[in-house]
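*Asks:* There's a structure below that I have some questions on.
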Amino acid sequence: MLVYDIQEREHFDMFFLDIEMPGVSGMELAAEIRNFLPGALILFITSHTQYAVKAYELSIFRYIPKSELETCLTMALTDGFRLLSLKEQDSYLIESPKRLEKIPLDDILYICKRQKYAVFVTRTGETSVRKPLSQVLEELDREEFLMIERGYIVNLYHVIKMEENRVLIRSGEVLPVGGSYLKAVRNSISEFWRKRL
């Protein structure tokens, strides 16, 4: 049921999983969660310590042995809430005479140009601001946001593949990479992924 929920774009901030579960393993479920909610915190509560290395590969926030549950759970929750509150502050603010809107950076899939507007495509929809993309990129000033073509800025957290002159993002959309950007985009994606392995 949880897999269906996240595939339907339900949002969760924190997951508590066991390695051994009926039907699907905790590792398989964590990989599915990573696909749809890359910023979510995943905690494993388990007695299977041999999976710790694999859990690290999935960017698991905490690995709590069942034998240490009483001592570790409170600390893990406190640290998790602290981290989520810091992430909540990471937002792009749209201000205009008629509107004030805060967009969490984690939710931004990509930003594209439509006439005189920068359109923010997020997990939940679209919103726009009358600004050039170059100004938006400068205001974001974060390594995960990359101009891949004159009309597109992509959030590297949501890129799952680059092939020839296009990138595939988690939502299933394929975005073009400009010819003059190809080498720089490939290098930036590769470096971004290597830092997080």
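The values are calculated or read from the model by the stated rules, or taken from the named source; none is laboratory data. Source: prediction; values computed, not measured. All Cβ positions, even for glycine, are placed from backbone atoms using ideal geometry, and neighbour counts span all protein chains on display.
*Asks:* Which fully enclosed helices (runs of 4 or more DSSP H) of segment 1-74 have 2 or more residues being at pLDDT 85 or above?
*Replies:* Counting at least 2 such residues, we get 2-7, 26-36.
*Asks:* Just give me the residues in segment 121-143 being within 19 Å of L37 (Cα to Cα) and buried (at least 16 other Cβ atoms within 10 Å of the Cβ), in sequence order.
*Replies:* Passing the criteria: V121, T122, R123.
*Asks:* Could I ask something else about it? Tell me, yes or no, whether segment 104-111 has at least one residue that is among the acidic types (D, E) and either surrounded by fewer than 16 Cβ atoms within 10 Å (Cβ to Cβ) or assigned to a strand (DSSP E or B) (or both). I'd like the intermediate steps shown before the answer.
*Replies:* Going residue by residue through segment 104-111, those that are among the acidic types (D, E) are 106-107.
From what's left, either surrounded by fewer than 16 Cβ atoms within 10 Å (Cβ to Cβ) or assigned to a strand (DSSP E or B) (or both): none.
Scanning segment 104-111, I find no residue that is among the acidic types (D, E) and either surrounded by fewer than 16 Cβ atoms within 10 Å (Cβ to Cβ) or assigned to a strand (DSSP E or B) (or both), so the answer is no.
*Asks:* Looking only at segment 156-185, filter to residues that are part of a helix (DSSP H, G or I) and under 20 Å from the mean Cα position of the chain (by Cα); which one of those is nearest to E10 (Cα to Cα)? Before you say what the answer is, go through the steps one by one.
*Replies:* So the first thing to find is which residues in segment 156-185 are part of a helix (DSSP H, G or I), and the list is 156-158, 179-185.
Cutting the leftovers down to under 20 Å from the mean Cα position of the chain (by Cα) gives us 156-158, 185.
Values: L156: 21, Y157: 18, H158: 17, V185: 31 Å.
So the residue we want is H158.
*Asks:* Please enumerate the residues belonging to segment 7-32 that are crowded, with 20+ Cβ neighbours inside 10 Å and either aromatic (F, W, Y) or closer than 15 Å to D107 by Cα (or both).
*Replies:* none
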